[in-house]
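The values are calculated or read from the model by the stated rules, or taken from the named source; none is laboratory data. Since the structure is predicted, the reported quantities are computational estimates derived from the model, not experimental observations. Counting neighbours? That spans all protein chains shown, and the Cβs are built from the backbone with ideal geometry, glycine included. Areas reflect the complete protein model, heavy atoms only, side chains present, ligands, DNA and RNA absent. Shrake-Rupley method; radii C 1.70, N 1.55, O 1.52, S 1.80 Å.
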Amino acid sequence: MASFDVIIKNGRIVDGCGNPWFNANIGISYGKIGKIYKLKKYDAEKIIDAENLLVCPGFIDIHTHSDLELLVNPTADSHVHQGITTDIIGNCGISVAPVSDFYKERAEKLLKAYNMKWNWNNLAEFLEILEKRGISINVASLIGQTAVRAAVIGTEKRPPTQSELDRMKEIVAEGMKQGAFGISTGLFYAPGGYAATQEIIELAKVVAKYDGIYTTHMRSEGDNLIEALKEALEIGEKANLPVQISHYKCTGPANWGKIQLGFKLMEEAREKSLDVTCDAYPWIAGVTPLIDYLPHWSQEGGITGTIKRLKDPKLRQRIKNDMEKGKPGEESLVKELGWSRIMISTSPSHPEYEGKTIEEIVKSENKDPYDLIFDLLIQDKSQVVAIEFWGSEKDVEEVLRHPLTMISSDSSAITPKGPLGLGKPHPRYYGNIPKLFSDYVRNRKTMTIDEAVRKATSFPAQKLGLQDRGQIKRGMWADIVIFDPDKIDAMGVFGDPHHFPKGIEWVLVNGVVTIKKGKHTNAFAGKVLRKHLNFPP
């Protein structure tokens, strides 16, 4: 009788490729799927009975911001509890390497809270620290264009010199050689958005040599959505590499409905051989640091420079005017949404504001909304986060349903305990995948369960070039989720998010049980994934 480390029996297997479920047992040895079988009996050190449950590949979250969170919270609680077994970090242009004063300034508070120091200089060193420390899920990284630019130019709003551009290209090549899967941009943000299109094309050309991808938080997801999408497609075409549109959406009532025009552009680009796809989350609200609501010019010099300007009455008025009217080439969330759609998520100095909209706060305190947020940024040294209710349910359904869309959370792997449990973050941090299955599969029937699993497993694996994950198939790494499709649900809500979901019974990471009957086993079976190991240059 053959023996396995783990056998999962009696489950309905959804293989991750969009096929209908089928009944079979899964035998796991040495972290990989060794056999998928039906009638014969096998012995195993551990047998999991998955009767009346679905068994599918572990979810691959193609867009997360768990970079530092995995360092300080290696158990990755809020993600692994919802069945996410692989996080892709380094998104929106922000990555932990290359090292820059810009990112150190933004990360200082979190590291200090955990009594940790910035003790790496590049991506290779950071990934090695994660490996030595141990992590509960797999992690793969992009190289952030904002981090690259900040490391060479700082936070100045100007074009690079030729020597500076050459140095940026060298850093990108170094990051790709150290295992990055591609480059990301966050052109909505400063200082990443200071870059012109051609500057990004030059960096993307380097990535193309290493078979990487280009992912982007575009310059606009609202008034200038179409122009921003055209820029992303131009970068992919001229640099000759695949494009991933991050958290695709339309911001603000005036822009709802542009989704289909954007998809038409993507489909036309694909007809011309550009591999463009997108990801999205199943919510009508997103998250943005409050400092990034300000115009780009006001953020030169980083947090210190911004706060200095906010204390200057004349510059403060200029910032207010630009936020009200919008700046050409930049997105103004205040102009597109108004104060009723913007909620304070985290404010260390005013926790009583958390979970309330700006409109609610100013009414109760009789304050000007701009004075309120400017003063908050000064008091909290920019450590203020906002949730913006940008979307319509119709748009969200259209995006999730479209064949070019995979699932992402745009969140971090946090925990209810300690500093990561402070504030009132977006409930997607804990319940993104459960929300997809409960709301858009079970209730709305926006897509079938087979398609939803594909969009969260084999589809992102295909985009990243992960040839040994994302499917229930012999020889694949045994990243596996076992859940009850009738019970799975997100338990956190806006204003009260710190709750693990229900319905996810078991999670295996590289064949090791990490969630057992809904509880974390404190296993650290996650691996650091490096692109060059699969595709050497």
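With a point put 7 Å past each Cα toward its Cβ, work out how far LEU265 is from MET491 in nm, to one decimal.
4.2
At 1.4 Å probe size, with every protein chain present, just tell me what the per residue accessible area of the stretch 1-62 comes to in Å².
Value for the stretch 1-62: 50 Å² per residue.
Compare the peptides 386-394, 160-168 by average per-residue count of other Cβ atoms within 10 angstrom and give them in order, highest first.
Top to bottom by mean Cβ count within 10 Å: 386-394, 160-168.
Can you give the local net charge around TRP339? Use residues other than it whose beta-carbon is closer than 14 angstrom to its beta-carbon, Lys and Arg +1, Asp and Glu -1.
-2
On the protein heavy atoms, probe 1.4 angstrom, tell me the percent of accessible surface of the stretch 304-347 carried by carbon and sulfur.
Carbon and sulfur together cover 50 percent of it.
Taking 0.36 nm per residue of separation and subtracting the Cα-Cα distance, what length does fully extending GLN317 through GLU105 add?
Difference between extended and current length: 73.8 nm.
Any chance you could run the full-extension gain for GLU227 through LYS205? It's 0.36 nm times the residue separation minus the Cα-Cα distance, nm to one decimal.
5.8 nm
Would you give the gap between the C-alpha center of the stretch 423-447 and the C-alpha center of the stretch 80-154, rounded to a whole Å?
Cα centres, the stretch 423-447 to the stretch 80-154: 26 Å.
As an exercise, use a Förster radius of 60 Å and the Cβ-Cβ distance of ASP368 and ARG401 to find the FRET efficiency, rounded to the nearest 0.05.
Computed FRET efficiency for ASP368 and ARG401: 0.90.
Less than 20 Å apart at the alpha-carbon level, and either on another chain or at least 8 residues along: which lysines does that give for LYS157?
LYS104, LYS169, LYS308, LYS320, LYS327
Sticking with the crude label model, points 7 Å out along Cα→Cβ, report the distance from LYS238 to GLU164 in nm, one decimal please.
1.9
Under a point-charge model restricted to the Cβ atoms of Lys and Arg (+1) and Asp and Glu (-1), what is the dipole moment magnitude of the chain relative to its Cα centre, in debye to the nearest 20?
Charge dipole of the chain: 940 debye, to the nearest 20.
How much accessible area per residue does the stretch 423-470 have, in Å², with a 1.4 Å probe?
28
So, R0 is 41 Å and r is the distance between the beta-carbons of TYR37 and GLU131; what FRET efficiency does that work out to, to 0.05?
0.75
For the stretch 254-273 and the stretch 289-362, what is the separation of their Cα centres, given in Å?
The distance from the Cα centre of the stretch 254-273 to that of the stretch 289-362 comes to 30 Å.
For HIS532 paired with LYS112, estimate the spin-label separation in nm (one decimal), with each label point 7 Å from Cα along the Cα-to-Cβ line.
3.6
Out of [x] 46, 34, 17; [y] 37, 25, 23; [z] 33, 31, 21, which label holds the value of semi-axes √(5λ) of the Cα gyration tensor in Å that was computed here?
Step by step, semi-axes √(5λ) of the Cα gyration tensor in Å for this structure corresponds to label [y].
So, in Å, what gap is there between the alpha-carbon centers of the stretch 455-498 and the stretch 170-227?
That distance is 26 Å.
Just to confirm, what accessible area per residue do you get for the stretch 222-319 at 1.4 Å probe, in whole Å²?
Each residue of the stretch 222-319 exposes 39 Å² on average to a 1.4 Å probe.
Net charge near PHE181: determine it from the other residues with C-beta under 10 Å of the C-beta of PHE181, scoring Lys and Arg +1 and Asp and Glu -1.
Local net charge: +2.
Put ASP223, ASP67 in order of accessible area, largest first, 1.4 Å probe: what do you get?
Sorted descending by solvent-accessible area, the residues read ASP223, ASP67.
Would you mind checking LYS311/LYS424; LYS9/LYS40; LYS177/LYS473 for any pair whose Cα atoms are more than 19 angstrom apart?
LYS311/LYS424; LYS177/LYS473
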